[in-house]
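The values are calculated or read from the model by the stated rules, or taken from the named source; none is laboratory data. Everything quoted here is computed from the prediction, not taken from an experiment. Positions of Cβ are generated from backbone atoms using ideal geometry, with glycine treated the same way; all protein chains shown enter the neighbour counts. We work out accessible area using only protein heavy atoms, side chains counted, and drop any ligands, DNA or RNA first. Shrake-Rupley method; radii C 1.70, N 1.55, O 1.52, S 1.80 Å.
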There are 2 protein chains.
Amino acid sequence: MLKFDQNIELKKSGNDLLMAGEILIDMISEDYNDDFTCRTYRQFFGGSPSNIAMNAHKLGVHAVVASVVGEDGLGNFLIHELKSAGIDTGYIQRSAEGPTSMVVVTKSQSTPTPVFYRGADYRLSYTEKLEEKLMNSKIVHFSCWPLSRNPARETIEKIISKAKMNGLLVCFDPNYHPMLWEAGEDGIEYVKSVIGKVDIVKPSEDDAERLFGAHTHEQYIEMFLELGAKLVILTLGKDGALVSNGVETFRFSSLATEVADTTGAGDAFWSGFYAATVKGYTIREALSCGFAVSAYKLKYTGAIVDLPKLEAIKEIYGL
Amino acid sequence: MLKFDQNIELKKSGNDLLMAGEILIDMISEDYNDDFTCRTYRQFFGGSPSNIAMNAHKLGVHAVVASVVGEDGLGNFLIHELKSAGIDTGYIQRSAEGPTSMVVVTKSQSTPTPVFYRGADYRLSYTEKLEEKLMNSKIVHFSCWPLSRNPARETIEKIISKAKMNGLLVCFDPNYHPMLWEAGEDGIEYVKSVIGKVDIVKPSEDDAERLFGAHTHEQYIEMFLELGAKLVILTLGKDGALVSNGVETFRFSSLATEVADTTGAGDAFWSGFYAATVKGYTIREALSCGFAVSAYKLKYTGAIVDLPKLEAIKEIYGL
């Protein structure tokens, strides 16, 4: 059982976090485009696990990204960004079979629906090199992206089983979105089956509703626990989160005072939670660190902001 | 036989051109990006057959585009552009299974390789509505894009067979590129098999080399004729074109005096050639009109420029 007032016992490994899954170009329109007058976009580094790795590195822990880019300039850009941040890019594979994956977001006054261009990201192979790094990591993290398509799905399945056999903490962002899955495939049942294999899940309210339909927060928590997750962090936007280990359930408040842009707030939470967990804080403290990093990020625009070390953020938020 | 000094006898149909195939977003970097400092892109209307339709409409003939966009804002943008130009968008299908297709071009001092994001474009269905428009058109045109993947490939095969049975002029841009085809598929053999089923092909020198390897211009012409094309227009950039009907071969000079941007020069040629053909000019005259429209386009930046009516362009170039 994961107790709130104890730290999580982690493997003694050289690397802290292995983030497996998507690395992407976020192509975001400069302005609202409901009347088709804004035609300018800006290219950003993206992909949730990759953002978490970037953040965690800034907070002061070691992280690598296992993902795939195409053999193109956009892939070069993503690798360049990781390198500039000081992250080992040796686990970024390159594929000649698809372009670097991209998400285009055209800002809209109504519904700013992201458009997914899946290219290289799901072509992740389970290699000896990846296994070696996995064996030498403390925590492994993935989202729904690699689960949605093969060969990445099989790679993640191997990663989960190897990680569990070797005592890693296995964490999953159940950010299910039907557009990630191929038409006709039941992504929901598959995602539910994965929840039972992991230690920690952090669904948003929207994720929970996509997976289970409309229910209360408490019912969502119960549903994730019944599937087998050991710690469920149900995030509720400005209302913080409801967190349960199956025995106790606590409400955590958001620490945000100033909200400039919500992009990447969830990734910031994960990175704060992981950094604190690696540094040996209790689960309760690590959750607070997650909210502190998220609150810090919310003050700035963009998914990746210039985070100070975890200790500095703890001080700012009086933790 | 297609004689240079005769016009091409066209079906008496209400619509002039049916352009079947790709409609795309061209996402083009604002500046060179070798050092990853340029992160700004601009979104343009694109896709060769769609550009030809836009141009032909401006030159004064009727054209429609049969293609597919996703159910997203980028698809809305493309439909909006066609509508603004006065083109009937009733033959643009929408697909929930893939995003609007996109080509990202990051300008580079070395090799500015386009990155293809195939989404909705190849999901073209052969519908009753499409068949009805086809039966009421004079010329049908397609490129390698829809041929590279199903279901569009089967749709084009049906279009070719129906068009031939009903006396339409069938024209093909053999712009073969290995990146359009799925890994392991022999696109070259398939493209060659299609060349034998059409009336007119307009390969560039690069297209010819990709299909046949390195040969002389005259050998390329011979190879396309042997496959069964009735008129081969081998374009040679600033050196104009070599055109053959299998009996006579003529060299045509480029009419360009001023080159601001070569993007879309080939599409401009096709549109001038088609507009003149529809208006009853001889093949020789129509080819000259193609070069005149291309020369006019070359003076401006972008694939689609503000073309005047064909008669005005003929006057400018003394045809």
ask   = Within region B:145-160, can one find any residue that is at pLDDT below 95 and out of contact with any helix residue (DSSP H, G or I) (no Cβ under 7 Å at 6 or more places or on another chain)?
value = no
inquiry  = Checking the conditions here, which among B:Leu134, B:Leu124, B:Leu74, B:Leu78 is at pLDDT below 95 and touching a strand residue (DSSP E or B) at 6+ places or on another chain (Cβ under 6 Å)?
reply    = B:Leu74
query = Tell me, which residue of region A:173-189 that is touching a residue at least 40 places away in the same chain (Cβ under 8 Å), in contact with a helix residue (DSSP H, G or I) (Cβ under 9 Å, 6 or more places away or on another chain) and not in a loop (DSSP other than H, G, I, E, B) is surrounded by the most Cβ atoms within 10 Å (Cβ to Cβ)?
reply = A:Asp173
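Return yes or no: is A:Ala241 open to solvent by less than 10 Å² (accessible area, probe 1.4 Å) and of a type in the set (Gly, Ala, Ser)? Walk me through how you get there before you give the answer.
Working: open to solvent by less than 10 Å² (accessible area, probe 1.4 Å): yes; of a type in the set (Gly, Ala, Ser): yes.
Answer is yes for this residue.
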task = Pull up region B:289-319, narrow it to residues that are free of Cβ contacts under 8 Å to residues at least 40 places away in the same chain and over 18 Å from B:Val259 (Cα atoms), then point me to the one that is surrounded by the fewest Cβ atoms within 10 Å (Cβ to Cβ).
result = B:Gly318
key: Selected residue (criterion: least open to solvent (accessible area, probe 1.4 Å)) from residues of region B:22-36 that are more than 14 Å from A:Tyr41 (Cα to Cα) and out of contact with any helix residue (DSSP H, G or I) (no Cβ under 8 Å at 6 or more places or on another chain)   = B:Asp34
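This table checks each residue for (1) touching a residue at least 60 places away in the same chain (Cβ under 8 Å); (2) within 16 Å of the chain's Cα centre (by Cα); (3) surrounded by fewer than 19 Cβ atoms within 10 Å (Cβ to Cβ).
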site	(1), (2), (3)
B:Val201	no, yes, no
B:His215	no, no, yes
B:Tyr220	no, no, no
B:Gly228	no, no, yes
B:Leu234	no, yes, no
B:Asn245	yes, no, yes
B:Thr249	no, no, yes
B:Thr257	no, no, yes
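Within region B:259-271, which residues are open to solvent by 50 Å² or more (accessible area, probe 1.4 Å) and closer than 17 Å to B:Asn51 by Cβ?
Here is the first cut: in region B:259-271, the ones open to solvent by 50 Å² or more (accessible area, probe 1.4 Å) are B:259-260, B:262-263.
Answer for region B:259-271, where residues must be open to solvent by 50 Å² or more (accessible area, probe 1.4 Å) and closer than 17 Å to B:Asn51 by Cβ: B:Ala260, B:Thr262, B:Thr263.
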note = The lone condition B:Leu168 fails out of (1) farther than 30 Å from A:Asn33 by Cβ; (2) modelled with pLDDT of 95 or more; (3) more than 18 Å from the chain's Cα centre (by Cα) is (3)
task = State whether one or more residues within region B:46-63 are open to solvent by 10 Å² or more (accessible area, probe 1.4 Å), in a strand (DSSP E or B), within 14 Å of another protein chain (Cβ to nearest Cβ) and not basic (Lys, Arg).
result = no
inquiry  = If I go through region A:185-208 residue by residue, how many of them are over 19 Å from A:Trp145 (Cβ atoms) and not small (Gly, Ala, Ser)?
reply    = 2
inquiry  = Of all residues being small (Gly, Ala, Ser) and surrounded by fewer than 23 Cβ atoms within 10 Å (Cβ to Cβ) in region A:140-172, which is nearest to B:Leu24 (Cα to Cα)? Just the residue, please.
reply    = A:Ser161
ask   = Is it the case that region B:5-13 has a residue that's within 12 Å of chain A (Cβ to nearest Cβ) and of a type in the set (A, V, I, L, M)?
value = no
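Just for strands (runs of 3 or more DSSP E) wholly inside region A:66-139: which have at least 1 residues that are of a type in the set (Lys, Arg), more than 9 Å from chain B (Cβ to nearest Cβ) and open to solvent by 30 Å² or more (accessible area, probe 1.4 Å)?
Numbers: elements: A:92-95, A:102-105, A:114-117.
In region A:66-139, A:92-95 are the strands (runs of 3 or more DSSP E) which contain 1 or more residues that are of a type in the set (Lys, Arg), more than 9 Å from chain B (Cβ to nearest Cβ) and open to solvent by 30 Å² or more (accessible area, probe 1.4 Å).
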ask   = Would a scan of region B:283-296 turn up a residue that is outside any helix (DSSP H, G or I) and at negative phi?
value = no
inquiry  = The conditions are (1) within 29 Å of B:Lys309 (Cα to Cα); (2) open to solvent by 40 Å² or more (accessible area, probe 1.4 Å); (3) part of a strand (DSSP E or B), and B:Lys12 fails exactly one of them. Which is it?
reply    = (3)
